[in-house]
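The values are calculated or read from the model by the stated rules, or taken from the named source; none is laboratory data. Computed from a predicted model, the values in this text were never measured in an experiment. Every residue, glycine as well, gets a Cβ built from its backbone with ideal geometry; the counts of neighbours run over all protein chains shown. These accessible areas exclude ligands, DNA and RNA; they are computed on the full protein's heavy atoms, side chains included. Shrake-Rupley method; radii C 1.70, N 1.55, O 1.52, S 1.80 Å.
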Amino acid sequence: MINQPWPTYSDASGAFVLGLPIKTLNQAVDGSAEATFDGPYQTQYLSALFMSTFKPVVGGYIFQSQYGELLYMSKTAFEAQYTATSTPIAWGSVTGKPTTFAPIIGTSATTAMAGNKVPTATERGGVLLQTAIVSLTDSSGGTSGGNTVAAIPAVVAAATSADTATLPTKTSVDATVTAIKNDVATLAAKYNALLAAVKAAGITA
């Protein structure tokens with residue numbers, strides 16, 4: 001049950017009170033009682049002193065004064081002195097309301113954005129968007145090694161004569177150059193794959 005505040009009433013002098021008409025009174029053997037009300041309101045305990053002082057009856061109003069005192073007036077007297085200034089509406093009395101409230105997939109500045117949408121620079125206002133990163137153009141001539149940067153082989157010295165003993169062979173130089181090219185290609189491919197993932201996440205343009 002939703003427990004709502006009591007309705008507000010005011011008199012001609014501008015004094016405000018909170019009051020409810022009694023629906024039932026269940027009195028205990030000690031003289032105290034429990035009052036119930038129509039609508040989503042909690043029951044109200046009434047002490048034996050309250051009951052003997054005011055002698056409330058069903059239909060009369062229990063109310064809290066502007067000073068917080070719990071008081072009672074007959075229906076006729078209360079309604080002659082006080083006028084309702086607000087009447088809380090019970091949820092169950094609202095007609096035409098939907099059974100569920102579907103979320104709104106927002107497209108404006110005041111609505112939420114869909115969780116699977118990649119926001120643009122305009123939609124994010126540039127706050128979380130980083131400077132665009134340009135993809136590498138791989139002109140190394142090598143072949144990417146996928147997930148492995150291959151070892152670059154050592155250059156082997158030629159041994160055709162005493163004068164050329166310290167010079168590398170063409171075959172070994174070619175192998176070294178090819179390995180370097182392939183490693184550059186591997187790094188370029190990995191960089192571009194990482195860049196694509198970062199863009200897809202909306203971190204950069």
* **Alpha-carbon centroid distance for the pair the range 1-58 / the range 181-205, whole angstrom** => 73 Å
* To do: Report the local net charge at Q81: Lys and Arg +1, Asp and Glu -1, summed over other residues whose C-beta lies under 14 Å from its C-beta.
  => -1
* **Percent carbon-and-sulfur accessible area, the range 1-78, ignoring ligands, DNA and RNA, probe 1.4 Å** => 58 percent
* ³J(HN,Hα) across the range 185-202 via Karplus (A = 6.51, B = -1.76, C = 1.60, θ = phi - 60°), whole Hz, x for Gly/Pro? -> 4, 4, 5, 5, 5, 5, 4, 5, 5, 5, 4, 5, 5, 5, 5, 4, 7, x
* To do: Could you run the Karplus curve 6.51 cos²θ - 1.76 cosθ + 1.60 with θ = phi - 60° over the range 40-46 and give me ³J(HN,Hα) per residue in whole Hz, x for Gly and Pro?
  => x, 10, 5, 5, 10, 6, 10
* Structure fact -> Extension length gain for D11 and V156 (0.36 nm per residue less Cα distance), in nm, is 41.4 nm
* Relative to the present Cα-Cα distance, how much length would full extension add between S139 and A48 at 0.36 nm per residue of separation? -> 23.1 nm
* To do: Please list the non-local residues whose amide H lies under 5 Å from the amide H of L167, H modeled 1.01 Å from N, same-chain partners needing a gap of 5 or more.
  => A158
